[in-house]
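Here's the structure, in structure tokens; my notes come after.
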Amino acid sequence: MKDIFICPEGLHGRADKILAQKYAEFSRSFIKESIEDGNIVRLDGSPIEPKSKIGPGDHLKVNLTRPPSDELKPYIYDLSVLYEDDYIIVINKDAGMVVHPGDGTDDRTLVHALLNHCPGNLSPIGAPLRPGIVHRLDKETSGVMVVAKTEPVHLSLVDQFTKRETRKLYQAIVCGEVNEVGEYNQPIGRHPTVRVKMAAMDKGKSALTRWKRIQAFGDRYSHVECEILTGRTHQIRVHFSADRHPLAGDKTYGGKQSARDNKLFSRLMLHAWKLTIYHPVKKEPISLTAPLPPDFQRCLMVLRTDEDG
């Protein structure tokens, strides 16, 4: 993966630490090795050290491409395709599938499966680890994802996501009873002590989540529809957790659950339900919906049964 990194406002410190926050799919040790090998340098080509201090406005040329021995191999997997043409493919990602390779992943990610499904027909942007990947879903999150097949389409879709011209609707099961409608607008940033987590904080980036309640199951759980108007990492999970309504099955941001509920919610109860984009080539809006997966439906059925019984 090759990139130009521009240090944002509010960040100042060791290069390896800041880059590890930006490229969280890579370990800090790998980033440190990349700096020492000369694969991360200043824009003019001058070298840096892992401990070199960088601050707002500093530009770095970043090359985190793996050695050839780590070239990706296609993974034979029956993808759930919602839409496909010569320019994009929209899939319903299964819960439990990692989107792209990184430290600690195996060779059965969504990218590996896409390489098998459409060999030679993925946008080169993000290659070799993330060819065609425009946006991501967490490993345990199921639902709609759009992937680009050509570079111009990739750039157009990224621009749409950046400018908030897409519409992203999710369904979730959250702990407790929430209001019928509401919104969260707390900024979100990297957790100050736990690098893999995010947190609601004043110094974070703006984030806006709106929701409406579909059904309440007493004061124990609520089934909600969420719309995110920004695309912060873990946004829905962080916002609801900050309001003491963590998502059911969320082992990172949630509280303790009973043994019975641990068995019921075997994964994070979050589903990317509907995505609306503007097709970059056909010049028309396209909206794709991913039906709730069986495990999500089963949880709702058990909660309804509990409520009725």
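Selection of strands (runs of 3 or more DSSP E) fully inside the stretch 128-192 by the criterion of at least 1 residues being in contact with a Gly (Cβ under 6 Å, 6 or more places away or on another chain) returns 142-148, 188-190. In the condition set (1) under 24 Å from Pro192 (Cα atoms); (2) not in a helix (DSSP H, G or I), Lys17 is compliant with all but (2).
Within the stretch 110-123, residues that are of a type in the set (Gly, Ala, Ser) have Cβ atoms under 6 Å from residues that are surrounded by fewer than 21 Cβ atoms within 10 Å (Cβ to Cβ) in these pairs: Ala113/Tyr75; Ala113/Tyr77; Ala113/Leu79; Ser123/Thr150; Ser123/Glu151, counting only partners at least 6 apart in sequence or on another chain. Confirm whether His191 is at pLDDT below 95, touching a strand residue (DSSP E or B) at 6+ places or on another chain (Cβ under 6 Å) and outside the structural domain of Val224 (by TED's automatic domain parsing). No. How many residues does the stretch 200-242 hold that are among the aromatic types (Phe, Trp, Tyr) and at positive phi? Qualifying residue count, the stretch 200-242: 0. Applying a threshold of 6 Å to beta carbon distances and a minimum spacing of six or more residues, or different chains, the list of pairs starting in the stretch 94-106 at a residue that is hydrophobic (A, V, I, L, M, F, W, C) and ending at one that is not in a loop (DSSP other than H, G, I, E, B) reads Ala95/Ser142; Met97/Leu110; Val99/Leu110.
Would you check if Thr252 is hydroxyl-bearing (Ser, Thr, Tyr) and in contact with a strand residue (DSSP E or B) (Cβ under 6 Å, 6 or more places away or on another chain)? No, not satisfied.
Can you name the residue in the stretch 248-288 that is among the aromatic types (Phe, Trp, Tyr) and either part of a loop (DSSP other than H, G, I, E, B) or under 16 Å from the mean Cα position of the chain (by Cα) (or both) and, of all such residues, is surrounded by the fewest Cβ atoms within 10 Å (Cβ to Cβ)? So the residue we want is Tyr253. A search for C-beta distances below 9 Å between a residue of the stretch 45-62 that is on the phi > 0 side of the Ramachandran plot and any residue that is surrounded by fewer than 18 Cβ atoms within 10 Å (Cβ to Cβ) and assigned to a loop (DSSP other than H, G, I, E, B), counting only pairs 6+ apart in sequence or on different chains, returns Gly57/Pro8; Gly57/Glu9. Restricted to the stretch 292-301, and to residues there that are under 23 Å from the mean Cα position of the chain (by Cα) and without any contact (Cβ under 8 Å) to a residue 24 or more places away in the chain, the residue that is surrounded by the most Cβ atoms within 10 Å (Cβ to Cβ) is Gln297. In the stretch 94-103, the condition of being modelled with pLDDT under 95 and either loosely packed, with under 14 Cβ neighbours inside 10 Å or in a helix (DSSP H, G or I) (or both) is met by at least one residue.
Cβ separations smaller than 6 Å between residues 6+ apart or across chains give the following pairs from the stretch 212-224 residues that are farther than 15 Å from Met301 by Cβ to residues that are surrounded by fewer than 18 Cβ atoms within 10 Å (Cβ to Cβ): Lys212/Val181; Lys212/Glu225; Arg213/Glu180; Ala216/Glu177; Asp219/Glu177; Ser222/Glu177; Ser222/Arg213; Val224/Arg213. Taking the options Asp103, Asp58, name whichever one is under 25 Å from the mean Cα position of the chain (by Cα), farther than 30 Å from Thr289 by Cβ and among the acidic types (Asp, Glu). It is Asp103.
The values are calculated or read from the model by the stated rules, or taken from the named source; none is laboratory data. Source: prediction; values computed, not measured. Glycine gets a Cβ as well: all are built from the backbone with ideal geometry, and neighbour counts include every protein chain shown.
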